[in-house]
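Chemist: Before I ask anything, here is the structure I am working with.
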Amino acid sequence: MFDTFIGLEIHIQLKTASKVFCSCGTAFGDDPNTHVCPVCLGYPGVLPSLNHEAVRFSYMVGKALSCSLADRMLFDRKNYFYPDMTKNYQISQFHEPVGVNGSFSYEADGEVKTARIHDIHLEEDAGKMIHSSASSLLDYNRAGSSLLEIVTEPDLRTPAEAEYFLREFRRMVRYLGVCDGNMEEGSLRCDANVSVNFSGKGLGTKVEIKNMNSSRFVRKALSYEIKRQRKMMKLKRPIIQETRLWDEKHNKTLGMRSKEEAHDYRYFPEPDLPPFVPGKAFMESVDAEMCELPLDRKERFISQYGLRRDLADFITGERERADWFEAAAAEHADIQACATWMKGELTKILTNNSLSFSVSPLTPKRFSILLKAIDAGSISAQQAKKVAETVITENAEPEDIISRSGFDQSASRNREALAEIVAEIAAENPDTLKQIRDGNQKAVGFLMGQVMKRTSGAADPGAARNMIMEQVKTQN
Amino acid sequence: MKHWKRSTAAESVRKTYQQQLQKTDQDLAALLEIHVEQGYKLAHQADGELAGLPFAVKDNIAVEGFSYTCASKILEGLKSPYTATAVERLLQAGAVPVAKANLDEFGMGSSTENSAYRSTVNPWNRNRVPGGSSGGSAAAAAAGMVPFALGSDTGGSVRQPAAFCGIYGLKPTYGTVSRYGLAAYASSLETIGVLSPDLELTRKVYDCIRGGDFRDQTSMDIPEDPKKIPQSAEKTEGSYTLGVLKGELGLDPAVQQNYERTKAAVQSLGWQLKEIEIPMLEYAMPAYYTIAMAEASANLARYTGIRYGFRDTTAQDPEELVRMTRTKGFGPEVKLRILIGTYVLRSGFQDRYYIRAQKIRSLLQQELAEHFSRCDLIMMPVFPTQAFPLGDSGLIPIQQKVADRFTLTANLAAIPALSIPTGIDEGLPSAVQFMAPAFGEKRLFDAAARVAKVLPPPEIPRQFSLEQLIQEAADV
């Protein structure tokens, strides 16, 4: 009965070293008004200086989205007053943005879908305003940060599609290294436009929804809003073109109390910034920074490595995992084992130690050694888990851990290693040896416990006890 | 120049100089802040020809630690946190900024009567205006208070006060002097300019301050390759072909008299006069003001009292604060221009006004380029009248704006122009204006030097003898 049309406006904060028009840094969370200068504060007489890293990042995203890239990019002034805007105009792009007419593919329940991209444009972020009871507080640290806005066509058809799109988009910008994609911190923001209409009647009246700070909320907000609009249409009530805010406490969208008139932004070309012409060298630098995009990489992992879809999905979830995996594969690690380990044990251990794959002391090389040890029968899979953990916590070589723990199940190696360990423990506990000589059986148990601890429970109890008694004898 | 350098060299002399400036300024009201010692601290130790020379800076150009009011109440009390690039280059050359000069508020006006603080008088006649908007700079330089001053020229604001005060006033090619530090009024039209009774010094100051600056991305060096210069300014000496406007120009008798006299004088030098017509000139004034006011409406949006300057303390919320601050802080002429500028940028109106104005601008540039293919220079009057009386210009505001048509041509076309003092008529200074193709400053200086031989500039009305002053200080 109804068609649904969803479009997204995504803002990403680019991970540039400095702001888009001045040299201030961009760290998040510092004391208010400590990353500011006359330029981003909008003092009299200041002028914008274009950050070319921001432009390069923008062209990279444009490429990833298959946009037609501008060969003569322009900036425009978008004029409106708001306390968090230092100049009360935003330098943005309207006439000749970074890229237009692109597309982006994402997976929705096993099916690959594509949404068209209307345009992407580079602009500056505003500061932050917080209202307290008696005053309004302004922090301009964020003012002037590089912001890339991506506007899709209203091609998404369900709230779930919007969520999948957003998740895939986030993955893509993280792969490129241009953005953290952190919706809670605000480095990735999403507003949605949704309209509902009777089937076959084309687009309906568009409602904008703001204030959703996770992809899950985007889906929930859209679900609610679509229901609301359908109800209105069934009741033959008109849908007002407005901006509504997502209320995450009450799970509904709310119309804003103040009537917001449609802004006339009075766009005109930014006279302080000449047209940006990319040129050959610049485009080559863009190409040099591109990487294989996540969806493509996932499909390749499935076909090239024969990975199961869910494992491929997990491994390509973050670029560093995919890189780690391929490095391990290059070390001839067993593919399937590697994938399973990554999804299971390795992620668990790394998370417990607050580490990620890119800084894991268990490098792909060390990991492949570990897998080979399991293969050769030197250690059991269970023991390997312990070794992996130890490599990570101690940043040690797997071979060293295996030999010193006496894990090697080949008999003689075991014996030697065990004897060494018992000797060590005996040397460390001369008084306990004395006690055993004097007939204290509990003391034996104590030393046994030490041996088990040091061999992580792998020692042969009988052999260990014999060796301890040997030590007791030789002490004198 | 020696006596000027000595004015700043010894602390005792600096003190005396400070006192003398203050005393003279009681009469002229040209300066908003005088602080010789502070300026001396900013200047670098240097050896060149500008080292030690004191100068005044129009109060819409930033000098760190000095006032930065733009002659407006809305910036009352503001001290600049940074220094404009043009001033910085003078500091590096060892020159000493000693005062901030009065102006029409934000550069909007032709008499300096629009200053929110005081009206400056013309050193030649206390009942007359010094011109505007760089009236303070012109009066100070003409009165011998400083050897040169910096001003800004958006539609004639350096040339017209220079003409009214009998000194040289250079408006450089757009982009050859960095605008970083010039409080923006009309970004695509304005430049920082130089005022001085000494032509050679004007040239030296220009050479010092010009050149590309990464902080102003519309700035550039003069191209090395003459082929890159339109209408190659190769010819920089000798006999020039001078284009002069055909027909009745609507000039006051004294101005007409001077104009005819100058035509005869240059012919006596062997120059050729060529009558030209510039049909687009009729539309220059409305096109200029459309563009200027549109840009001004955006450029002045940053003045809200939130981050610096005057702040209304009665407001109950941020929106009211902005509204009240701007209502109380801006003068009527400024408000008028902001309102008109906002109007012409309105959606639906841009085609009719702003875009049309830009088209007229292009056509005017084409017409001038045509003429420069046959003329080396174009001569025009500076203003239809000489310095008019204070308080009653005999021209209502709209007439004053029409009177700008001779000077605003060069701003619309982005070409250099020099106001040349050519004598005294009816007790007041007279002048003419030479315009050259882009980057043709060298030709302007050469031509002016030749004219000075047959039409010597008037002796400036010294307010005090600095030589005597220094001598007296030395004797102490």
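The values are calculated or read from the model by the stated rules, or taken from the named source; none is laboratory data. The structure displayed is predicted, hence computed values, not measured ones. Note: ideal-geometry Cβ built from the backbone for every residue, glycine included; neighbour counts use all protein chains shown. SASA here: full protein model, heavy atoms, side chains in, ligands and nucleic acids out. Shrake-Rupley method; radii C 1.70, N 1.55, O 1.52, S 1.80 Å.
Chemist: Got at least one residue in the stretch A:307-330 being touching a Pro at 6+ places or on another chain (Cβ under 6 Å) and surrounded by fewer than 17 Cβ atoms within 10 Å (Cβ to Cβ)?
Modeler: For the stretch A:307-330, residues touching a Pro at 6+ places or on another chain (Cβ under 6 Å) and surrounded by fewer than 17 Cβ atoms within 10 Å (Cβ to Cβ): present.
Chemist: Another one. Among the residues of the stretch A:1-30 satisfying the criterion of being touching a strand residue (DSSP E or B) at 6+ places or on another chain (Cβ under 9 Å) and among the charged types (D, E, K, R), which is farthest from residue B:304 (Cα to Cα)?
Modeler: Across the stretch A:1-30, the extreme among qualifying residues is A:3.
Chemist: Quick check: is even one residue across the stretch B:100-111 of a type outside the set (Ser, Thr, Tyr), assigned to a loop (DSSP other than H, G, I, E, B), open to solvent by less than 10 Å² (accessible area, probe 1.4 Å) and touching a His at 6+ places or on another chain (Cβ under 7 Å)?
Modeler: no
Chemist: For the stretch A:331-351, give me each residue that is in contact (Cβ under 8 Å) with a residue 40 or more places away in the chain, open to solvent by 70 Å² or more (accessible area, probe 1.4 Å) and under 23 Å from the mean Cα position of the chain (by Cα).
Modeler: Answer for the stretch A:331-351, where residues must be in contact (Cβ under 8 Å) with a residue 40 or more places away in the chain, open to solvent by 70 Å² or more (accessible area, probe 1.4 Å) and under 23 Å from the mean Cα position of the chain (by Cα): there is none.
Chemist: May I pose another question? Considering only residues of the stretch A:128-141 that are out of contact with any strand residue (DSSP E or B) (no Cβ under 6 Å at 6 or more places or on another chain) and crowded, with 18+ Cβ neighbours inside 10 Å, which is nearest to the other protein chains (Cβ to nearest Cβ)?
Modeler: Among them, the one singled out is A:140.
Chemist: Counting only residues that are more than 14 Å from chain A (Cβ to nearest Cβ) and open to solvent by 10 Å² or more (accessible area, probe 1.4 Å), which one in the stretch B:81-99 is farthest from residue B:14 (Cα to Cα)?
Modeler: Going through the qualifying residues, I end up with B:89.
Chemist: On to the next question. May I ask you to say which residue of A:45, A:62 is within 14 Å of another protein chain (Cβ to nearest Cβ), in contact with a Gly (Cβ under 6 Å, 6 or more places away or on another chain) and open to solvent by less than 20 Å² (accessible area, probe 1.4 Å)?
Modeler: Going through A:45, A:62 in turn, the sole match is A:45.
Chemist: Modelled with pLDDT of 90 or more and either closer than 26 Å to residue A:328 by Cα or out of contact with any Ser or Thr (no Cβ under 9 Å at 6 or more places or on another chain) (or both): which single residue out of A:349, A:402, A:374 fits that description?
Modeler: Testing whether each residue is modelled with pLDDT of 90 or more and either closer than 26 Å to residue A:328 by Cα or out of contact with any Ser or Thr (no Cβ under 9 Å at 6 or more places or on another chain) (or both) leaves just A:349.
Chemist: Looking only at residues in the stretch A:222-250 that are in contact (Cβ under 8 Å) with a residue 40 or more places away in the chain and part of a helix (DSSP H, G or I), which one is farthest from residue A:4 (Cα to Cα)?
Modeler: Per the criteria, the residue is A:233.
Chemist: For the structure I just gave you, tell me whether residue B:39 is part of a helix (DSSP H, G or I), buried (at least 24 other Cβ atoms within 10 Å of the Cβ), over 15 Å from the mean Cα position of the chain (by Cα) and more than 14 Å from chain A (Cβ to nearest Cβ).
Modeler: Spelling it out, residue B:39 is indeed part of a helix (DSSP H, G or I), buried (at least 24 other Cβ atoms within 10 Å of the Cβ), over 15 Å from the mean Cα position of the chain (by Cα) and more than 14 Å from chain A (Cβ to nearest Cβ).
Chemist: Among the residues of the stretch B:313-344, write down those that are in a loop (DSSP other than H, G, I, E, B) and modelled with pLDDT of 95 or more.
Modeler: Scanning the stretch B:313-344 gives B:330, B:331.
Chemist: Return only the number of the condition from (1) in contact with a Pro (Cβ under 8 Å, 6 or more places away or on another chain); (2) open to solvent by 10 Å² or more (accessible area, probe 1.4 Å); (3) closer than 20 Å to residue B:70 by Cβ that residue B:215 does not satisfy.
Modeler: For residue B:215, the exception is condition (1).
Chemist: Something else about it: When only residues in the stretch B:300-358 that are among the β-branched types (Val, Ile, Thr), open to solvent by 60 Å² or more (accessible area, probe 1.4 Å) and more than 11 Å from chain A (Cβ to nearest Cβ) count, which is nearest to the chain's Cα centre (by Cα)?
Modeler: B:340
Chemist: Moving on to the next point. From B:162, B:140, B:116, B:149, grab the single residue that is away from chain A (no Cβ under 14 Å), open to solvent by 10 Å² or more (accessible area, probe 1.4 Å) and on the phi < 0 side of the Ramachandran plot.
Modeler: Of the residues listed, the single one that is away from chain A (no Cβ under 14 Å), open to solvent by 10 Å² or more (accessible area, probe 1.4 Å) and on the phi < 0 side of the Ramachandran plot is B:116.
Chemist: Right, here's the next one. Out of (1) within 14 Å of another protein chain (Cβ to nearest Cβ); (2) within 15 Å of the chain's Cα centre (by Cα), what's the single condition that is false for residue B:197?
Modeler: Residue B:197 satisfies all of (1) within 14 Å of another protein chain (Cβ to nearest Cβ); (2) within 15 Å of the chain's Cα centre (by Cα) except (1).
Chemist: Kindly provide the set of residues from the stretch A:67-94 that are touching an Asp or Glu at 6+ places or on another chain (Cβ under 6 Å) and aliphatic (A, V, I, L, M), ordered by number.
Modeler: The answer is A:70, A:73, A:74, A:91.
Chemist: Select from the stretch A:259-279 the residues that are loosely packed, with under 14 Cβ neighbours inside 10 Å, outside any loop (DSSP other than H, G, I, E, B) and at pLDDT 95 or above and list them in ascending order.
Modeler: Passing the criteria: none in range.
Chemist: Looking for something β-branched (Val, Ile, Thr) and modelled with pLDDT under 95 - is there at least one such residue anywhere in the stretch B:406-421?
Modeler: Scanning the stretch B:406-421 turns up no residue that is β-branched (Val, Ile, Thr) and modelled with pLDDT under 95.
Chemist: Still on this structure, I have one more. Suppose we filter A:356, A:378 for residues that are closer than 22 Å to residue A:292 by Cβ, of a type in the set (S, T, N, Q) and open to solvent by less than 70 Å² (accessible area, probe 1.4 Å); which single one remains?
Modeler: Exactly one of A:356, A:378 is closer than 22 Å to residue A:292 by Cβ, of a type in the set (S, T, N, Q) and open to solvent by less than 70 Å² (accessible area, probe 1.4 Å), namely A:356.
Chemist: Name the residues in the stretch B:350-377 that are part of a helix (DSSP H, G or I), closer than 27 Å to residue B:240 by Cα and hydrophobic (A, V, I, L, M, F, W, C), would you?
Modeler: Once the filter is applied, which keeps residues that are part of a helix (DSSP H, G or I), closer than 27 Å to residue B:240 by Cα and hydrophobic (A, V, I, L, M, F, W, C), the stretch B:350-377 yields B:363, B:364, B:368, B:369, B:372.
Chemist: In the stretch A:63-117, how many residues are under 30 Å from residue B:322 (Cβ atoms) and in a loop (DSSP other than H, G, I, E, B)?
Modeler: 15
Chemist: In addition: If you scan the stretch B:51-80, which residues turn out to be more than 12 Å from every other protein chain (Cβ to nearest Cβ), open to solvent by 10 Å² or more (accessible area, probe 1.4 Å) and touching a helix residue (DSSP H, G or I) at 6+ places or on another chain (Cβ under 9 Å)?
Modeler: B:51, B:52, B:65, B:73, B:76
Chemist: Please list, ordered by first then second residue, the pairs with beta carbon atoms under 6 Å, 6 or more apart or interchain, first in the stretch B:1-19 and under 16 Å from residue B:47 (Cα atoms) and open to solvent by 90 Å² or more (accessible area, probe 1.4 Å), second modelled with pLDDT under 85 and aliphatic (A, V, I, L, M).
Modeler: B:6/B:470
Chemist: For residue A:337, state whether it is part of a helix (DSSP H, G or I), under 17 Å from residue A:385 (Cβ atoms) and touching a Cys at 6+ places or on another chain (Cβ under 9 Å).
Modeler: No.
Chemist: While we're here: Within the stretch B:124-137, can you find the residues that are open to solvent by less than 10 Å² (accessible area, probe 1.4 Å) and either among the aromatic types (Phe, Trp, Tyr) or closer than 30 Å to residue B:49 by Cα (or both)?
Modeler: B:130, B:131, B:132, B:133, B:134, B:135, B:136, B:137
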